[in-house]
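Encoded as structure tokens, the structure appears first; notes follow it.
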Amino acid sequence: MCGIVAAVAQRNVQGILLEGLKRLEYRGYDSAGMTVFNGRELTRHRAVGKVAALSRKLDTAALPGTSGIAHTRWATHGKPSEANAHPHHSGEQVAVVHNGIIENYETIKDQLQASGYHFSSETDTEVITHLLAEKLDSGLSLFDATQQIVNGLGGAYALAVISPQAPGVVIGARQGSPLVVGVGIDEAFLASDPLALLPVTDRFIYLEEGDLVELSEQGAIRIVDCDGNDVERPIQTFEHGDGAASKGDYRHYMLKEIYEQPEVIRAALEGRLSDDHVLVESFGPDAQAIFQTTKQIHIIACGTSYHAGLVARYWLERYAGIPVQVEVASEYRYRYPVVPEGTLFVTLSQSGETADTLAALRYAKQLNYIGTLAICNVPGSSLVRESDVTLMTRAGPEIGVASTKAFTTQLIGLMLLTLSISRVHGGHQHHADIVSALKALPALCQQVLALDPAIEVLSEAFAEKHHALFLGRGAHFPVALEGALKLKEISYIHAEAYPAGELKHGPLALVDADMPVISVAPNDDLLEKLKSNLQEVRARGGQLFVFADEQVGIEERDDIRVLRLPHIHEALTPLLYTLPLQLLSYHVAVLKGTDVDQPRNLAKSVTVE
């Protein structure tokens with residue numbers, strides 16, 4: 001989504017702001033801009049397209065100054081254009097950058113226009129600039145003006161504000177959109193993501209809902225909570241090295257993140273396994289008591305995280321004997337769920353700031369759940385702070401829009417949850433075998449990644465295709481869903497996924513020589529049924545691409561391409577079989593020449609509804 005960077009320093013902040021925007025490019029955007037206070041007035045550049053377009057403007061006409069704000073925009077109100085790009089100004093009085101959506105902006109806009117304010121954009125954000133100007137005209141300070149106007153804003157926002165009337169000051173505010181303070185030496189910063197500020201600091205304050213912050217010269221930081229009280233928030237050190245945000249020797253972030261999976265799986269397991277069981281304490285001191293009373297689980301997530309939840313339903317019901325309901329967050333939050341006694345509410349999110357998932361969590365807190373659990377990758381995120389118990393996936397920063405290592409580490413977290421609940425309820429069958437398999441998993445993932453050259457060759461068969469069908473049975477139906485999502489996200493090939501047993505109920509009508517069919521075939525109880533489904537495809541002239549266990553007797557023929565994967569414990573096959581589907585999608589996208597890391601129309605962190 002949109003990205004915010006702001007700075008107050010003893011030095012020129014233009015370079016800091018520009019580098020911060022470059023580090024936020026992975027989030028997805030359509031324009032960029034920067035405003036700096038040069039000691040006399042606000043100066044601004046905006047550009048449509050990549051940050052490089054803004055950088056070229058700065059090369060021609062620099063924006064020197066010791067305080068400033070910058071932004072990358074993903075259009076919600078108004079088309080991508082320079083006029084709609086942030087920062088937005090109200091005359092020479094104030095400049096604002098904004099993430100989120102102001103739902104009552106039309107009402108506010110009508111009132112401001114009646115008062116004589118002129119609007120130069122189609123955005124909801126511009127109402128904020130004029131509201132602030134109105135308050136400044138009445139004699140309020142920039143801090144007090146911001147504090148007053150945010151109370152009348154409906155929806156979600158993260159703001160950064162500067163004004164010549166408050167030289168050397170940046171004001172920030174958040175409600176429903178993430179915002180962090182970067183703590184420097186005699187300087188301070190704001191950003192929507194700590195990655196933007198890693199070149200200048202690794203110490204961050206994660207603002208809470210309703211917080212207002214004032215950054216001023218000499219690095220002074222003042223935070224006021226939603227009740228108007230001055231508060232102190234803890235400073236946290238960013239736990240991932242700056243190198244995590246670079247591609248290194250890889251062509252794309254996505255490929256780097258695919259190859260990081262053996263290591264991040266090791267990190268996700270570290271300190272959480274004994275010789276033969278999962279350490280329940282990994283979920284925090286309150287987890288044991290919550291898990292003991294858990295009789296049902298509701299898993300709520302979006303996109304790739306939703307697919308991880310679907311896999312976990314098979315695990316939890318089979319190995320823990322707990323009934324599970326999995327739902328898309330954007331649907332859950334708008335209905336009236338029945339919450340049986342003893343139900344645990346579980347959310348999954350890479351960023352911890354996904355708008356629909358956060359809203360679902362806040363809605364769930366009003367219902368009869370026994371507790372809330374977040375499985376997440378960002379320790380200081382809203383989802384983590386607002387949940388009763390948490391498990392960090394330890395995937396490190398994920399830059400590519402198409403999620404890879406975040407998905408597999410979420411699956412690790414969900415398997416740890418499965419075994420923890422089973423253990424608390426007195427079930428120990430299968431635990432030692434699965435724990436042993438978890439410990440061996442990183443090495444097996446490395447073996448699968450070694451098949452990359454063969455997968456690249458397979459991808460050539462997809463370069464001219466427009467449609468694809470993914471099949472899976474049992475816990476591998478969600479794996480098929482995830483494979484189809486990856487292909488459509490980055491290669492723009494229309495892809496669908498079906499349970500293989502549903503072929504005769506509709507999708508078989510689509511199968512012909514131009515419809516490649518991709519299937520995963522682990523050596524499990526459903527293998528023979530899957531083989532029958534694959535024969536149905538062959539009988540209709542379909543071309544099959546099968547990722548099969550090395551012990552499975554599926555032979556290559558003219559119409560069947562087979563890639564053999566190492567054998568693994570049945571419980572963990574969804575993790576292993578995800579990797580080749582990620583690589584397949586990656587190589588198809590490269591062949592088609594799409595923007596792999598920043599596919600069109602998509603954003604990394606969906607922080608608005």
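Can you tell me which residue within the stretch 73-128, out of those that are of a type in the set (Val, Ile, Thr) and under 23 Å from residue 356 (Cα atoms), is modelled with the lowest pLDDT?
Among those that are of a type in the set (Val, Ile, Thr) and under 23 Å from residue 356 (Cα atoms), it is 76.
Test residue 422 against the stated conditions and say whether it is part of a helix (DSSP H, G or I) and assigned by TED's automatic domain parsing to the domain that holds residue 258.
On the way: part of a helix (DSSP H, G or I): yes; assigned by TED's automatic domain parsing to the domain that holds residue 258: yes.
Against the criterion (part of a helix (DSSP H, G or I) and assigned by TED's automatic domain parsing to the domain that holds residue 258), residue 422 qualifies.
Working carefully through the options 346, 264, find the one that is touching a Leu at 6+ places or on another chain (Cβ under 6 Å) and within 30 Å of residue 440 (Cα to Cα). Working first, answer last.
On the way: 264 fails: touching a Leu at 6+ places or on another chain (Cβ under 6 Å).
Exactly one residue qualifies, and that residue is 346.
Here's a check for you: in the stretch 507-530, which residue that is in a loop (DSSP other than H, G, I, E, B) and under 29 Å from residue 318 (Cα atoms) is nearest to the chain's Cα centre (by Cα)?
Quick first cut of the stretch 507-530, residues in a loop (DSSP other than H, G, I, E, B) only: 511-516, 522-526.
Filter again for under 29 Å from residue 318 (Cα atoms), leaving 522-526.
Values: 522: 29, 523: 32, 524: 32, 525: 34, 526: 33 Å.
Per the criteria, the residue is 522.
Name every residue in the stretch 319-336 that is free of Cβ contacts under 8 Å to residues at least 12 places away in the same chain and closer than 25 Å to residue 420 by Cβ, in order of residue number. First the steps, then the outcome.
Of the residues in the stretch 319-336, the ones free of Cβ contacts under 8 Å to residues at least 12 places away in the same chain are 331, 334-336.
Within the stretch 319-336, none qualify.
Given the structure, is residue 40 under 30 Å from residue 116 (Cβ atoms), in a strand (DSSP E or B) and among the basic types (Lys, Arg)? Spell out the reasoning first.
Working: under 30 Å from residue 116 (Cβ atoms): yes; in a strand (DSSP E or B): no; among the basic types (Lys, Arg): yes.
Answer is no for this residue.
Hey, does the stretch 496-503 have a residue that's in a helix (DSSP H, G or I) and among the hydroxyl-bearing types (Ser, Thr, Tyr)?
no
So for the stretch 497-504 (the condition being under 27 Å from residue 400 (Cα atoms), at pLDDT 90 or above and crowded, with 16+ Cβ neighbours inside 10 Å), does at least one residue qualify?
Step one: list which residues in the stretch 497-504 are under 27 Å from residue 400 (Cα atoms), which gives 497-498.
Checking the rest, the ones that are also at pLDDT 90 or above come to 497.
Cutting the leftovers down to crowded, with 16+ Cβ neighbours inside 10 Å gives us 497.
Yes, the stretch 497-504 contains a residue that is under 27 Å from residue 400 (Cα atoms), at pLDDT 90 or above and crowded, with 16+ Cβ neighbours inside 10 Å.
Run residue 366 past the list (1) in contact (Cβ under 8 Å) with a residue 24 or more places away in the chain; (2) more than 29 Å from residue 265 (Cβ to Cβ) and report the number of the one that doesn't hold.
With respect to (1) in contact (Cβ under 8 Å) with a residue 24 or more places away in the chain; (2) more than 29 Å from residue 265 (Cβ to Cβ), residue 366 is out only on (1).
Hey, among the residues in the stretch 127-154 that are of a type outside the set (A, V, I, L, M) and touching a Phe, Trp or Tyr at 6+ places or on another chain (Cβ under 8 Å), which one's farthest from residue 67 (Cα to Cα)? Spell out the reasoning first.
Initially, the stretch 127-154 is screened for residues of a type outside the set (A, V, I, L, M), giving 129-130, 134-135, 137-139, 141, 143-144, 146-148, 151-152, 154.
When the remaining residues are screened for being touching a Phe, Trp or Tyr at 6+ places or on another chain (Cβ under 8 Å), the result is 130, 134.
On the way: 130: 21, 134: 22 Å.
Among residues in the stretch 127-154 that are of a type outside the set (A, V, I, L, M) and touching a Phe, Trp or Tyr at 6+ places or on another chain (Cβ under 8 Å), the one farthest from residue 67 (Cα to Cα) is 134.
Filter the stretch 79-113 down to the residues that are under 28 Å from the mean Cα position of the chain (by Cα) and farther than 16 Å from residue 47 by Cβ and list them by number.
96, 98, 99, 100, 101, 102, 103, 104, 105, listed by residue number.
Report yes if some residue within the stretch 379-392 is at pLDDT below 95 and in contact with a Cys (Cβ under 6 Å, 6 or more places away or on another chain); otherwise report no. I'd like the intermediate steps shown before the answer.
As a first pass, look at the stretch 379-392 and keep what is at pLDDT below 95: 379-392.
Checking which are in contact with a Cys (Cβ under 6 Å, 6 or more places away or on another chain) leaves us with 383-384.
Yes, the stretch 379-392 has at least one match.
Name the strands (runs of 3 or more DSSP E) wholly within the stretch 304-411 that hold at least 3 residues that are of a type outside the set (S, T, N, Q) and out of contact with any Asp or Glu (no Cβ under 6 Å at 6 or more places or on another chain)? Break it down into steps so the answer makes sense when it comes.
On the way: elements: 324-328, 343-349, 371-376, 389-392.
In the stretch 304-411, the matching strands (runs of 3 or more DSSP E) lie at 324-328, 343-349, 371-376.
Return yes or no: is residue 480 free of Cβ contacts under 8 Å to residues at least 24 places away in the same chain and either acidic (Asp, Glu) or within 22 Å of residue 576 (Cα to Cα) (or both)? Break it down stepwise before answering.
Values: free of Cβ contacts under 8 Å to residues at least 24 places away in the same chain: no; either acidic (Asp, Glu) or within 22 Å of residue 576 (Cα to Cα) (or both): yes.
Here the answer is no, as residue 480 does not meet what is asked.
Given the criteria surrounded by fewer than 24 Cβ atoms within 10 Å (Cβ to Cβ), more than 24 Å from residue 31 (Cβ to Cβ) and at pLDDT 95 or above, does residue 154 qualify?
Numbers: surrounded by fewer than 24 Cβ atoms within 10 Å (Cβ to Cβ): yes; more than 24 Å from residue 31 (Cβ to Cβ): yes; at pLDDT 95 or above: no.
Spelling it out, it is not the case that residue 154 is surrounded by fewer than 24 Cβ atoms within 10 Å (Cβ to Cβ), more than 24 Å from residue 31 (Cβ to Cβ) and at pLDDT 95 or above.
Please work out if residue 170 is modelled with pLDDT of 95 or more and over 23 Å from residue 42 (Cα atoms).
Working: modelled with pLDDT of 95 or more: yes; over 23 Å from residue 42 (Cα atoms): no.
Answer is no for this residue.
Can you find, within the stretch 436-470, the residue that is surrounded by the fewest Cβ atoms within 10 Å (Cβ to Cβ) among those that are among the small types (Gly, Ala, Ser) and under 14 Å from residue 564 (Cβ atoms)? Talk me through it step by step, then tell me what you get.
Of the residues in the stretch 436-470, the ones among the small types (Gly, Ala, Ser) are 436-437, 440, 443, 450, 454, 459, 461, 463, 468.
Going one step further and asking which of them are under 14 Å from residue 564 (Cβ atoms), we end up with 450, 454.
Details: 450: 10, 454: 14.
Per the criteria, the residue is 450.
Kindly evaluate residue 63 against the criterion of being part of a loop (DSSP other than H, G, I, E, B), hydrophobic (A, V, I, L, M, F, W, C), at pLDDT 95 or above and more than 22 Å from the chain's Cα centre (by Cα). Working first, answer last.
Working: part of a loop (DSSP other than H, G, I, E, B): yes; hydrophobic (A, V, I, L, M, F, W, C): yes; at pLDDT 95 or above: yes; more than 22 Å from the chain's Cα centre (by Cα): yes.
Answer is yes for this residue.
Could you list, in sequence order, the residues of the stretch 53-73 that are within 21 Å of residue 109 (Cα to Cα) and surrounded by fewer than 24 Cβ atoms within 10 Å (Cβ to Cβ)? Before the answer, list the steps.
Kept after step one, since they are within 21 Å of residue 109 (Cα to Cα), are these residues of the stretch 53-73: 73.
Matches in the stretch 53-73: none.
Please give the number of the condition residue 552 fails out of (1) more than 34 Å from the chain's Cα centre (by Cα); (2) in a helix (DSSP H, G or I).
Only one criterion is unmet by residue 552, namely (2).
Would it be correct to say that residue 338 is surrounded by 14 or more Cβ atoms within 10 Å (Cβ to Cβ) and among the hydrophobic types (A, V, I, L, M, F, W, C)? Steps first, please.
Values: surrounded by 14 or more Cβ atoms within 10 Å (Cβ to Cβ): no; among the hydrophobic types (A, V, I, L, M, F, W, C): yes.
Taking the combined requirement at face value, the residue does not satisfy it.
If only one of 243, 248, 210 is under 28 Å from the mean Cα position of the chain (by Cα), modelled with pLDDT under 90 and assigned to a loop (DSSP other than H, G, I, E, B), which one is it?
248
Are any of the residues in the stretch 276-297 assigned to a strand (DSSP E or B), crowded, with 19+ Cβ neighbours inside 10 Å and not polar (S, T, N, Q)? Give the steps one after another, and end with the answer.
Within the stretch 276-297, the first condition is being assigned to a strand (DSSP E or B), and the residues that meet it are 278, 296-297.
After this cut, where a residue has to be crowded, with 19+ Cβ neighbours inside 10 Å as well, the list is 278, 297.
Keeping just the survivors that are not polar (S, T, N, Q) gives 278, 297.
Checked against the condition, which is being assigned to a strand (DSSP E or B), crowded, with 19+ Cβ neighbours inside 10 Å and not polar (S, T, N, Q), the stretch 276-297 yields at least one hit.
The values are calculated or read from the model by the stated rules, or taken from the named source; none is laboratory data. These numbers were taken from a predicted model, which means no experiment stands behind them. Heads up, the Cβs are rebuilt from the backbone with ideal geometry, glycines too, and the neighbour counts pull from every protein chain shown.
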